[in-house]
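See structure below.
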Amino acid sequence: MSKDTTASVSELITIAARAKEKSEAKFSHFRVGAAIEAGSGKIYSAFNVESSSYGLSMCAERIALWSAVNAGESKFTRIAIVSDSRDFCTPCGACRQVMYELAGDIEVYLTNRKGDVRNYRLSSLLPEAFTSKTLLDGRD
Ligand code: THU
(Lines give C-alpha, C1' and ligand atoms only; values in the text may rest on other atoms or scores of the structure.)
Protein backbone atom coordinates (compact mmCIF):
# COMPACT_ATOMS: atom_id res chain seq x y z
CA MET A 1 0.00 0.00 0.00
CA SER A 2 1.27 3.50 -0.67
CA LYS A 3 -0.03 6.98 0.05
CA ASP A 4 1.09 10.21 -1.58
CA THR A 5 1.08 13.10 0.90
CA THR A 6 3.43 14.07 3.72
CA ALA A 7 1.91 12.59 6.85
CA SER A 8 2.04 13.53 10.51
CA VAL A 9 3.57 11.04 12.93
CA SER A 10 0.10 10.07 14.14
CA GLU A 11 -1.03 9.43 10.54
CA LEU A 12 2.04 7.27 9.98
CA ILE A 13 1.18 5.31 13.13
CA THR A 14 -2.45 4.96 12.02
CA ILE A 15 -1.33 3.55 8.67
CA ALA A 16 0.96 1.06 10.45
CA ALA A 17 -1.90 0.09 12.80
CA ARG A 18 -4.20 -0.53 9.83
CA ALA A 19 -1.58 -2.77 8.24
CA LYS A 20 -1.25 -4.70 11.52
CA GLU A 21 -4.95 -5.60 11.35
CA LYS A 22 -4.18 -7.65 8.22
CA SER A 23 -1.20 -9.46 9.78
CA GLU A 24 -0.65 -13.09 8.71
CA ALA A 25 0.65 -14.25 12.10
CA LYS A 26 -1.18 -17.54 12.47
CA PHE A 27 1.71 -19.24 14.31
CA SER A 28 2.99 -16.64 16.78
CA HIS A 29 -0.24 -14.60 16.91
CA PHE A 30 2.07 -11.61 17.29
CA ARG A 31 0.67 -9.04 14.89
CA VAL A 32 2.94 -6.26 13.64
CA GLY A 33 2.33 -3.40 11.23
CA ALA A 34 4.91 -0.99 9.83
CA ALA A 35 4.66 2.16 7.74
CA ILE A 36 7.74 3.79 6.23
CA GLU A 37 7.81 7.26 4.71
CA ALA A 38 10.01 7.76 1.67
CA GLY A 39 11.67 11.03 0.65
CA SER A 40 9.06 11.29 -2.10
CA GLY A 41 6.40 11.67 0.63
CA LYS A 42 4.87 8.30 -0.19
CA ILE A 43 4.16 5.88 2.62
CA TYR A 44 4.59 2.14 2.23
CA SER A 45 2.99 -0.13 4.80
CA ALA A 46 3.12 -3.85 5.48
CA PHE A 47 2.35 -6.52 8.07
CA ASN A 48 4.33 -9.56 9.16
CA VAL A 49 3.78 -12.74 7.18
CA GLU A 50 4.49 -16.13 8.77
CA SER A 51 5.31 -19.55 7.33
CA SER A 52 4.70 -23.02 8.79
CA SER A 53 8.46 -23.33 8.30
CA TYR A 54 8.88 -20.69 10.99
CA GLY A 55 12.25 -19.37 9.91
CA LEU A 56 10.79 -18.29 6.58
CA SER A 57 8.48 -15.77 8.27
CA MET A 58 9.15 -12.13 7.54
CA CYS A 59 8.87 -9.01 9.68
CA ALA A 60 6.56 -6.14 8.79
CA GLU A 61 9.43 -3.63 8.69
CA ARG A 62 11.42 -5.43 6.04
CA ILE A 63 8.38 -6.07 3.85
CA ALA A 64 7.41 -2.37 4.02
CA LEU A 65 10.94 -1.22 3.23
CA TRP A 66 11.48 -3.70 0.41
CA SER A 67 8.12 -2.73 -1.12
CA ALA A 68 9.29 0.87 -1.17
CA VAL A 69 12.65 -0.05 -2.69
CA ASN A 70 10.83 -2.13 -5.31
CA ALA A 71 8.76 0.93 -6.16
CA GLY A 72 11.98 2.86 -6.87
CA GLU A 73 12.43 4.69 -3.54
CA SER A 74 15.95 5.21 -2.25
CA LYS A 75 15.58 7.90 0.43
CA PHE A 76 13.61 7.54 3.65
CA THR A 77 12.68 9.72 6.61
CA ARG A 78 10.86 7.66 9.25
CA ILE A 79 9.12 4.43 10.10
CA ALA A 80 6.29 3.59 12.52
CA ILE A 81 6.05 0.12 14.08
CA VAL A 82 2.89 -1.04 15.84
CA SER A 83 1.98 -4.28 17.64
CA ASP A 84 -0.62 -5.42 20.17
CA SER A 85 2.01 -5.77 22.87
CA ARG A 86 1.88 -3.99 26.24
CA ASP A 87 5.53 -3.20 25.66
CA PHE A 88 6.98 -1.35 22.67
CA CYS A 89 7.79 -3.60 19.71
CA THR A 90 11.39 -2.73 18.95
CA PRO A 91 12.65 -3.94 15.58
CA CYS A 92 14.64 -7.19 15.52
CA GLY A 93 18.36 -7.17 14.81
CA ALA A 94 17.93 -8.25 11.18
CA CYS A 95 15.48 -5.42 10.51
CA ARG A 96 17.78 -2.89 12.17
CA GLN A 97 20.63 -3.94 9.87
CA VAL A 98 18.52 -3.95 6.69
CA MET A 99 16.88 -0.62 7.56
CA TYR A 100 20.21 1.03 8.35
CA GLU A 101 21.71 -0.11 5.06
CA LEU A 102 18.75 0.73 2.83
CA ALA A 103 17.13 3.64 4.65
CA GLY A 104 19.98 5.18 6.68
CA ASP A 105 19.65 6.90 10.03
CA ILE A 106 15.85 7.33 9.98
CA GLU A 107 13.50 8.20 12.83
CA VAL A 108 11.81 5.15 14.38
CA TYR A 109 8.42 5.58 16.09
CA LEU A 110 7.12 2.76 18.28
CA THR A 111 3.73 2.44 19.93
CA ASN A 112 2.50 0.08 22.61
CA ARG A 113 -1.03 -1.24 23.18
CA LYS A 114 -1.98 1.89 25.15
CA GLY A 115 -0.93 4.10 22.24
CA ASP A 116 2.11 5.64 23.98
CA VAL A 117 4.73 6.69 21.45
CA ARG A 118 8.51 6.31 21.73
CA ASN A 119 10.94 7.85 19.24
CA TYR A 120 14.51 6.75 18.41
CA ARG A 121 17.10 7.45 15.74
CA LEU A 122 17.95 4.15 14.07
CA SER A 123 21.67 4.73 14.83
CA SER A 124 20.87 4.62 18.55
CA LEU A 125 19.24 1.19 18.06
CA LEU A 126 22.18 -0.06 15.97
CA PRO A 127 25.35 1.65 17.14
CA GLU A 128 28.57 1.06 15.16
CA ALA A 129 26.63 -0.52 12.29
CA PHE A 130 28.40 -2.65 9.71
CA THR A 131 27.78 -1.12 6.28
CA SER A 132 29.01 -1.35 2.71
CA LYS A 133 31.57 1.36 3.54
CA THR A 134 33.46 -1.07 5.79
CA LEU A 135 33.02 -3.83 3.24
CA LEU A 136 34.44 -1.77 0.39
CA ASP A 137 37.25 -0.35 2.57
CA GLY A 138 38.66 -3.88 2.73
CA ARG A 139 39.09 -4.18 -1.05
CA ASP A 140 42.37 -2.35 -1.61
N1 THU B 1 8.04 -9.32 14.00
C2 THU B 1 7.91 -8.22 13.21
O3 THU B 1 7.18 -8.23 12.21
N4 THU B 1 8.60 -7.10 13.56
C5 THU B 1 9.34 -6.96 14.68
O6 THU B 1 9.89 -5.91 14.92
C7 THU B 1 9.50 -8.10 15.60
C8 THU B 1 8.91 -9.39 15.16
C9 THU B 1 7.26 -10.51 13.66
C10 THU B 1 8.03 -11.68 13.12
C11 THU B 1 7.10 -12.82 13.50
O12 THU B 1 6.10 -12.94 12.51
C13 THU B 1 6.43 -12.36 14.79
O14 THU B 1 6.59 -10.95 14.82
C15 THU B 1 7.00 -12.98 16.04
O16 THU B 1 8.38 -12.85 16.08
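The values are calculated or read from the model by the stated rules, or taken from the named source; none is laboratory data. All values reported here derive from a predicted model rather than from experimental measurement. Here Cβ is always computed from backbone atoms with ideal geometry, including for glycine, and neighbour counts include all displayed protein chains. SASA here: full protein model, heavy atoms, side chains in, ligands and nucleic acids out. Shrake-Rupley method; radii C 1.70, N 1.55, O 1.52, S 1.80 Å.
Solvent-accessible area of residue 135, all protein chains in place: 100 Å² (probe radius 1.4 Å, heavy atoms, ligands and nucleic acids excluded).
Considering only DSSP states other than H, G, I, E and B, which trypsin sites (Lys or Arg not before Pro) in segment 93-140 qualify as loop sites with at most 15 other Cβ atoms within 10 Å? Taking segment 93-140 and a limit of 15 other Cβ atoms within 10 Å, the loop trypsin sites (Lys or Arg not before Pro) found are 113, 114, 139.
Our compactness index for segment 2-137, the C-alpha radius of gyration over the empirical 2.2 N^0.38 Å, is 1.00. Straight-line cross-link reach from residue 133 at under 27 Å between alpha-carbon atoms covers these lysines, not counting any fewer than eight positions away in the same chain: 75.
In the chain, taking the dipole from charged Cβ atoms about the Cα centre, the farthest positive-side position among 94, 29, 123 is held by 29. Relative to the Cα centre, the charge distribution of segment 2-137, modelled as +1 at Lys and Arg Cβ and -1 at Asp and Glu Cβ, gives a dipole magnitude of about 320 debye. Backbone phi angles across segment 126-140, fed through the Karplus curve with coefficients 6.51, -1.76 and 1.60 (θ = phi - 60°), yield HN-Hα couplings of 9, x, 6, 5, 7, 9, 5, 4, 4, 4, 6, 4, x, 7, 9 Hz in residue order; Gly and Pro are listed as x. The angle between the Cα long axis of helix 93-103 and the longest principal axis of the Cα atoms of the chain comes to about 60 degrees, rounded to the nearest 10.
Loop-only check: which GluC sites (Glu not before Pro) in segment 1-65 are DSSP coil with at most 16 other Cβ within 10 angstrom? Here the GluC sites (Glu not before Pro) that fit, given the DSSP loop and packing criteria, are 21. Nearest 10 degrees, 0 to 90: what angle lies between the long axis of helix 9-20 and the longest principal axis of the chain (Cα atoms)? Computed tilt is about 70 degrees. Computed over segment 2-137, relative contact order equals 20 percent, with contacts defined as Cα pairs under 8 Å that lie 6+ residues apart. Of the listed residues 58, 99, the order by accessible area with a 1.4 Å probe, largest first, is 58, 99.
So how tilted is helix 60-70 from the main axis of the chain? Cα-based, degrees 0 to 90, rounded to 10. Relative to the chain, helix 60-70 is tipped by roughly 60 degrees. Cross-link reach is defined here as a Cα-Cα straight distance under 18 Å, omitting same-chain residues fewer than 8 places apart; for residue 22 the aspartates and glutamates meeting it are 11, 50, 61, 84.
Where in segment 17-54 does the label zone of residue 113 land, with the point 7 angstrom along Cα→C-beta and an amide N cut-off under 13 Å? What the label zone holds, given the 13 Å backbone N cut-off, is 30-31.
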